[in-house]
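These notes are about the structure you will find just below.
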Amino acid sequence: MKTPGDKICEVEEYLAGRGAYVDEDGGVYAKIMGNPSFNQTERTVSIVPPPRKKIPGINVVGSIVYGRIFQVLNKLALVQLYPYQTARFRLVPPGTIGAIYIADVRKEFVEDLRNEFDVGDWIRAKIKKVVKKFYPQLTTVGKELGVIKAYCPYDRTPLVRRGAELYCPKCKRRFKRKIAIDYGDPKLPR
């Protein structure tokens, strides 16, 4: 399973198809979350999202959601939620925005939310409650919830987990985040 920004191959091997793109260095990267599909006759690679089934009751409290942090304030983080739906997990339609309040990040006291998340982080969260039928309030309390993929804010290199922190192999900086237990290789439901 590839998340956006994961390298698939070099452009000399395969050209980018649907759900993939080529960067300036000639690498082919995933644009969306899914599995790579290689077309040998056309020499292209595409990203195929997991199958989605129609399940009524979207925005159900307790559902697991995936999203990308797009704004972090002192006490609130806003998340753009992405559709990812399976038989066991119900997720929201595209375009839905969720919020993580500072009290819902971890069991321990959190002084500043900017030490837990950064803009561009991919997260896994649980819907805690739904306000006015469309505004999900999220929580990342639990070892399986939190950041599943992050990039260095200075050079956009994917961060590597080192103990309880994230590390940029290019600029050698360390970052603190609320990390999911399977950071870097998320175990996504099928």
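Could you list all residues from the stretch 128-174 that are of a type in the set (Phe, Trp, Tyr) and either farther than 22 Å from LEU76 by Cα or not assigned by TED's automatic domain parsing to the domain that holds ALA77 (or both)?
The answer is TYR154, TYR167.
Inside the stretch 101-148, can you point out the residues that are at negative phi, among the basic types (Lys, Arg) and in a loop (DSSP other than H, G, I, E, B)?
Of everything in the stretch 101-148, those that are at negative phi, among the basic types (Lys, Arg) and in a loop (DSSP other than H, G, I, E, B) turn out to be ARG106, LYS107, LYS143.
How do the pairs read when you match residues in the stretch 60-78 that are without any contact (Cβ under 8 Å) to a residue 60 or more places away in the chain and in the same structural domain as ASP121 (by TED's automatic domain parsing) with residues anywhere that are basic (Lys, Arg) and not in a strand (DSSP E or B), using Cβ under 6 Å and keeping only pairs 6 or more apart or on different chains?
Short answer, once both residue conditions are applied: VAL72/ARG114.
With (1) outside any strand (DSSP E or B); (2) at pLDDT 85 or above; (3) under 19 Å from ILE148 (Cβ atoms) as the list, and PRO36 as the residue in question, which single condition is left unmet?
Just one mismatch for PRO36, condition (1).
If you go through the stretch 60-76, how many residues are part of a strand (DSSP E or B), β-branched (Val, Ile, Thr) and over 14 Å from GLU116 (Cα atoms)?
2
Can we say VAL119 is surrounded by fewer than 20 Cβ atoms within 10 Å (Cβ to Cβ), of a type in the set (A, V, I, L, M) and at pLDDT 90 or above?
yes
Given ILE97, ILE127, which one is more than 24 Å from GLY5 (Cα to Cα), among the β-branched types (Val, Ile, Thr), modelled with pLDDT under 90 and within 17 Å of the chain's Cα centre (by Cα)?
Going through ILE97, ILE127 in turn, just one is more than 24 Å from GLY5 (Cα to Cα), among the β-branched types (Val, Ile, Thr), modelled with pLDDT under 90 and within 17 Å of the chain's Cα centre (by Cα): ILE127.
Quick check on the stretch 149-161. Is at least one of its residues in a loop (DSSP other than H, G, I, E, B), free of Cβ contacts under 8 Å to residues at least 24 places away in the same chain and touching a strand residue (DSSP E or B) at 6+ places or on another chain (Cβ under 7 Å)?
yes
The values are calculated or read from the model by the stated rules, or taken from the named source; none is laboratory data. Quick caveat, the model's predicted, so the values are computed rather than measured. Counting neighbours? That spans all protein chains shown, and the Cβs are built from the backbone with ideal geometry, glycine included.
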